[in-house]
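Here is the structure we will look at.
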Amino acid sequence: MSSVTVDHIPASEGHVEHERPTGWRRWVFATNHKDIGTMYLLFSFFMLLEGGVLALLVRTELFSPGLQFFQPELFNQFTTMHGLIMIFGAIMPAFVGFANWMIPLQIGASDMAFARMNNLSFWLLPVGATLFTVSFFVPGGANAAGWTMYAPLSLQMGPGMDFAIFGVHILGASSIMGAINIIVTVLNMRAPGMTMMKMPLFCWTWLITAYLLLAIMPVLAAAVTMLLTDRHFGTTFFNAAAGGDPVLYQHVFWFFGHPEVYVMILPAFGIISAVVPAFSRKPLFGYASMVYATAAIAILSFLVWAHHMFTTGMPVTAQLYFMYATMLIAIPTGVKIFNWVATMWRGSLTFETPMLFAIAFIFVFTIGGFTGLIIAVAPIDIAVHDTYYIIAHFHYVMVAGSLFGMYAGAYYWIPKWTGRMYNERLGKWHFWNSIISFNVTFFPMHFLGLAGMPRRYADYAVQFTDFNVIASIGAFWFGFSQLIFLYLAVKAWRGHGQPAAAQSWEGAQGLEWTIPSPAPWHTFETPPVVK
Amino acid sequence: MTPEQRRKNRRTAIILVIFVIALVAWTFWRARNGIG
């Protein structure tokens with residue numbers, strides 16, 4: 001981003017403060033982007049805990065070989081719902097929360113373009129989450145077909161599958177509305193002088209993510225609707241016995257599913273692109289190339305979906321195409337990694353908690369990227385398909401990528417959100433516990449996968465015991481470490497800690513740091529002029 | 001937000017909604033015809 005200077009206008013000029021609603025009405029009828037952002041973030045953290053508890057139940061069962069606590073049917077419900085809840089309930093809504101809070105502040109807009117639709121997008125989330133959660137208590141239990149809900153298994157399950165399908169519909173509708181809101185806000189509501197190439201990279205990555213969402217969520221909605229009509233209304237899209245094709249479901253699903261991975265990581269790239277320059281006290285290296293690399297990743301993400309399907313028996317030519325196309329994604333991703341490192345090069349670095357999480361992101365996400373390259377190679381993928389190597393790979397991307405990116409952003413912007421500095425010592429405790437326990441949990445899974453341990457089984461052969469014990473210990477360590485963040489965030493939210501200055505970090509750049517901390521109820525009612 | 005701004009926002013959103021609906025329809029159409 002080129003440096004932005006502003007003719008400063010008082011953030012809440014002309015606003016009558018008594019319009020601000022109080023009590024439950026403030027939240028139920030919320031139209032203020034900051035309140036809705038806060039609700040998104042709280043909701044997603046709650047879902048992170050729910051998905052986390054399911055993960056710990058999985059790791060409890062896998063602590064030793066044999067069946068200890070849960071029958072395989074229930075175990076598969078845990079793994080499936082862990083995935084669905086983390087993806088649709090935790091990661092995606094969390095990034096929408098960041099977008100709600102920060103995009104209007106970063107582009108100098110007074111609010112999101114469609115404030116009432118914003119309210120509806122949020123309040124659909126608890127409905128979808130409730131469907132997911134109560135499905136455990138219907139006859140037959142929750143969806144146990146994996147988060148991918150592959151046919152024909154998903155055609156054969158009980159009503160828990162219908163709950164999952166409706167839940168995905170509702171959460172998908174919420175995502176689509178959120179994406180439309182973000183696109184319109186970024187395209188139409190930027191302050192005078194805030195050209196596209198002056199926008200902070202977080203706005204760029206979210207704009208591209210929103211387009212991705214619009215292009216994939218309708219496809220998922222159609223896919224699960226076809227599952228529903230196959231289940232209840234006599235269609236045979238995926239029923240081989242009646243002329244349908246189960247592999248068709250996989251094609252349609254992964255046309256959604258692979259870009260979905262980038263929906264969950266591109267906003268994190270935007271956050272890291274804000275945090276690294278701030279704590280390096282340098283402008284971001286290669287701003288324009290970052291924008292183009294993000295767009296390139298988004299476009300390529302639509303061309304590689306069948307690398308998830310190498311074992312379905314596709315022709316060798318198709319395998320070769322999808323293998324090489326997948327490897328291409330390493331190029332724009334490499335551009336990003338290079339630019340972050342180049343930003344730090346000869347910078348005046350300090351290592352506050354946001355920067356620690358950002359650097360950890362670069363290291364550990366890159367490991368996930370490299371293992372992604374390895375499994376892009378079709379012959380290798382066929383060997384490790386559906387093993388713990390895959391679990392290790394995508395947790396290095398989703399936890400060390402998305403979640404650590406979010407923590408970097410949360411620590412960076414908590415002073416702006418709450419008006420208080422968080423406890424730095426506890427923040428560092430949270431960081432070191434998280435990064436070590438994360439690796440203790442997931443690194444051994446690479447070995448388990450290479451040795452042939454399959455995913456989605458409640459039991460395993462005894463030779464896998466040692467690494468499973470280590471992974472389970474790490475998982476509990478990681479899970480309980482997240483309570484440090486909860487404590488820190490609640491403390492800052494309740495007004496404990498040092499008051500934060502408007503410019504809370506010395507090297508921070510952008511419009512959000514020109515307004516007081518905490519950000520006033522209304523900001524930029526008169527748009528700032530960006531030079 | 002000015003009325004003109006609202007109209008502009010609404011126009012952009014309508015284009016996006018049409019795109020979403022068309023994509024759902026396209027997915028069903030493709031699925032009806034199979035992979036090939």
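The values are calculated or read from the model by the stated rules, or taken from the named source; none is laboratory data. What you see is a predicted model; the values in this text were computed from it and never measured. Cβ sites come from the backbone with ideal geometry, for glycine too, and all protein chains shown count toward neighbours. Areas reflect the complete protein model, heavy atoms only, side chains present, ligands, DNA and RNA absent. Shrake-Rupley method; radii C 1.70, N 1.55, O 1.52, S 1.80 Å.
Taking all Cα pairs closer than 8 Å and separated by 6 or more residues, the relative contact order of chain A comes to 22 percent.
Of the accessible area of the stretch A:216-338, computed with a 1.4 Å probe over protein heavy atoms only, carbon and sulfur atoms account for 75 percent.
Lys/Arg Cβ at +1, Asp/Glu Cβ at -1, dipole of the stretch A:383-531 taken about the Cα centre: which of A:GLN509, A:VAL397, A:ILE435 is farthest positive-ward? Result: A:GLN509, furthest along the dipole toward the positive end. If R0 is taken as 51 Å, the Cβ-Cβ distance between A:ALA241 and A:ARG494 corresponds to a FRET efficiency of 0.30.
Hey, can you find the accessible area per residue of the stretch A:208-331 for me, probe 1.4 Å, expressed in square angstrom?
Details: 4030 Å² over 124 residues.
Result: 32 Å² of accessible area for each residue.
The residues neighbouring A:TYR411, those whose beta-carbon lies less than 14 Å from its own, together hold a net charge of +3 under the Lys/Arg +1, Asp/Glu -1 convention.
The mean count of C-beta atoms from other chains within 10 Å of the C-beta of residues in B:20-31, rounded to a whole number, is 6. The mean number of partner chain beta-carbon atoms within 10 angstrom of a residue's beta-carbon across peptide A:208-214 is 1. With θ taken as phi - 60° and the Karplus curve 6.51 cos²θ - 1.76 cosθ + 1.60 applied, the whole-hertz 3J(HN,Hα) list for the stretch A:94-104 is 4, 5, 5, x, 4, 4, 4, 5, 9, 4, x Hz, x standing for glycine and proline. Extending 7 Å from the Cα toward the beta-carbon at both A:LEU153 and A:SER64 defines two label points whose distance is 2.7 nm.
Computed from point charges on the beta carbon alone (+1 for Lys and Arg, -1 for Asp and Glu), the dipole magnitude for the stretch A:18-171 about its Cα centre is near 380 Debye. The distance between label points at A:TYR457 and A:THR195 comes to 5.9 nm (points 7 Å beyond Cα on the Cα→Cβ vector).
Between chain A and chain B, the total buried accessible area stands at approximately 1800 Å², from heavy atoms with a 1.4 Å probe. For the segment A:188-196, counting C-beta atoms of other chains within 10 Å of every residue's C-beta and taking the mean gives 1. Within the shell defined by Cβ-Cβ distances under 15 Å, the residues around A:ASN423 carry a net charge of +3, with Lys and Arg each +1 and Asp and Glu each -1.
Under a 1.4 Å probe, what is the accessible area of the stretch A:119-176 per residue, stated in Å²?
Details: 2020 Å² over 58 residues.
That works out to 35 Å² for each residue.
Ordering A:PRO499, A:PHE478, A:GLY128 by Cα displacement along the dipole of chain A toward the positive end leaves A:PRO499 in first place; charges were set at the Cβ atoms of Lys, Arg (+1) and Asp, Glu (-1). Using only side-chain charges placed at the Cβ, +1 for Lys and Arg and -1 for Asp and Glu, the dipole size of the stretch A:278-419 relative to its Cα centre rounds to 560 debye. Each peptide in A:409-415, A:498-504, A:37-43, A:339-345 gets a packing score, the mean of other Cβ atoms within 10 Å over its residues, and the list from highest to lowest is A:409-415, A:37-43, A:339-345, A:498-504.
Calculate, for the stretch A:372-418, the solvent-accessible area per residue in square angstrom, rolling a 1.4 angstrom probe over the heavy atoms of the protein chains. Walk me through the numbers on the way to the answer.
On the way: 1080 Å² over 47 residues.
Value returned for the stretch A:372-418: 23 Å² of accessible area per residue.
Say the cut-off is 28 Å between C-alpha atoms; which of A:LYS282/B:LYS8; A:LYS198/B:LYS8; A:LYS282/A:LYS428; A:LYS416/A:LYS531; A:LYS282/A:LYS336 go over it?
On the way: A:LYS282/B:LYS8 37 Å; A:LYS198/B:LYS8 22 Å; A:LYS282/A:LYS428 23 Å; A:LYS416/A:LYS531 23 Å; A:LYS282/A:LYS336 16 Å.
Where the Cα-Cα span goes over 28 Å, the pairs concerned are A:LYS282/B:LYS8.
Our note on the geometry: Cα centres of the stretch A:209-247 and the stretch A:114-139, 21 Å apart. Label positions at B:ALA25 and A:PHE351, each projected 7 Å from the Cα along the C-beta direction, are separated by 5.8 nm.
Stretching A:GLU73 away from A:GLU424 to a fully extended chain increases their span by 122.0 nm, per 0.36 nm per residue minus the current alpha-carbon distance.
Taking Cα atoms only, the orientation of helix A:266-280 departs from the longest principal axis of chain A by about 50 degrees. Put simply, the amide H of A:THR387, placed in the peptide plane, has neighbours under 5 Å in A:ARG455, leaving out anything fewer than 5 places away on its chain.
Using only alpha carbon positions, build the gyration tensor of the stretch A:423-522, then give the equivalent ellipsoid semi-axes as the square roots of 5 times its eigenvalues, largest first, whole angstrom. Could you put the intermediate results ahead of the total?
Numbers: eigenvalues 351, 41, 27 Å².
They are 42, 14, 12 Å, listed largest first.
Per residue of chain A, the DSSP helices (runs of n ≥ 4 H) give a summed -39500 (n - 2.57) that works out to -21500 deg cm²/dmol at 222 nm.
Each Lys and Arg contributes +1 and each Asp and Glu -1, all at the Cβ; summed about the Cα centre of chain A, the dipole is approximately 980 debye. Sorted largest first, the spans of the alpha carbon positions of the protein assembly as shown along the three principal axes are 67, 50, 48 Å.
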